[in-house]
Amino acid sequence: MEGISDIRIIGVDETRPPRIRKEPYIDIFFTLSHQAPEEWCVQFNSLLSDELGKPNIQEKEGLYIEAWVRKPEEIVALLDMLKVKVAECTRQYIERVESSIRDASASNASAAGEETGEQGRLNKIIAALDFDEGA
């Protein structure tokens, strides 16, 4: 099973190879190792919104990074930049997920600790139960 930390660029989309056109640009579609979650894609697009070549990923599809360059010589620099941004986006995504989990745990713990009256007393008794066989 591949996880979010395994997302990386593995090649160029074979069904849409780069072609030099009359226009002064070359479209290029990089393939990801596996489908990225929609939230990751949104974050990636936001992270790259000001970059030259307007790299982006279709949020629902999550498999290809679409970009363009003016000259073939610019492709290597574009790929190097995208690899760094994919890693950065993944790091930020994981940090955000871990933070959400911590916040949810803290919220649940404080909600459980705030109960008073009979329910609070019951919760304390249940939490203190000893299920060891020797007891």
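The values are calculated or read from the model by the stated rules, or taken from the named source; none is laboratory data. These figures come from a predicted structure and were not determined experimentally. All Cβ positions, glycine included, derive from the backbone under ideal geometry; neighbour counts span all protein chains shown. Please note that ligands, DNA and RNA were not included when accessible areas were found on the heavy atoms of the full protein model with its side chains. Shrake-Rupley method; radii C 1.70, N 1.55, O 1.52, S 1.80 Å.
Tell me the angle of helix 38-47 to the major Cα principal axis of the chain, expressed in degrees between 0 and 90 and rounded to the nearest ten.
60
Assuming 0.36 nm per residue, please report the length gained on full extension of the stretch D50 to E23 beyond their Cα-Cα distance.
7.6 nm
Tilt of helix 117-128 relative to the longest C-alpha principal axis of the chain, in degrees (0 to 90, nearest 10)?
The two axes meet at around 80 degrees.
Hey, if you drop one equal point scatterer on each alpha-carbon of segment 46-104 and run the Debye formula without solvent, what base-10 log of I(q)/I(0) do you get at q = 0.18, 0.29 Å⁻¹?
The computed values of log10 I(q)/I(0) come out as -0.71, -1.25.
Give me P(r) over the chain, computed from all C-alpha to C-alpha distances, binned every 5 Å, as integer percentages.
2, 9, 15, 16, 12, 8, 6, 5, 6, 6, 5, 4, 3, 2, 1, 0, 0
Give the long-range amide H neighbours of H34: residues separated by 5 or more places, or on another chain, with amide H under 5 Å away, using H modelled in the peptide plane at 1.01 Å from N.
Residues meeting the amide H criterion: R8.
With each pseudo-label sitting 7 Å past Cα toward Cβ, what's the I94-I9 distance in nm, one decimal?
2.0
Does segment 33-73 come out rounded, prolate or oblate, given a ≥ b ≥ c as the square roots of the eigenvalues of its C-alpha gyration tensor, rounded meaning a/c under 1.5 and, failing that, prolate meaning a/b above b/c?
Oblate, since a/c reaches 1.5 and b/c is not below a/b.
So how much accessible area does V12 have, in Å² to the nearest 10, using a 1.4 Å probe?
Approximately 60 Å² for this residue.
Can you give the extra length, in nm with one decimal, that the chain gains between K83 and I125 once fully stretched, where that is 0.36 nm per residue apart less the Cα-Cα distance?
So the chain would gain 9.8 nm between K83 and I125.
Could you identify which residue out of K54, K85, K22 has the top mean-square fluctuation in a GNM of the chain using Cα springs shorter than 10 Å?
Fluctuation is largest for K22.
Could you give the longest part of the chain that holds none of the GluC sites (Glu not before Pro) found in DSSP loops with at most 14 neighbouring Cβ atoms within 10 Å?
With GluC sites (Glu not before Pro) excluded where exposed in loops, the chain gives 62-114 as its longest stretch.
Mind checking the full-extension length gain between V76 and K60? Use 0.36 nm per residue of separation minus the Cα-Cα distance, one decimal, nm.
Stretched fully, the V76-K60 segment lengthens by 3.1 nm.
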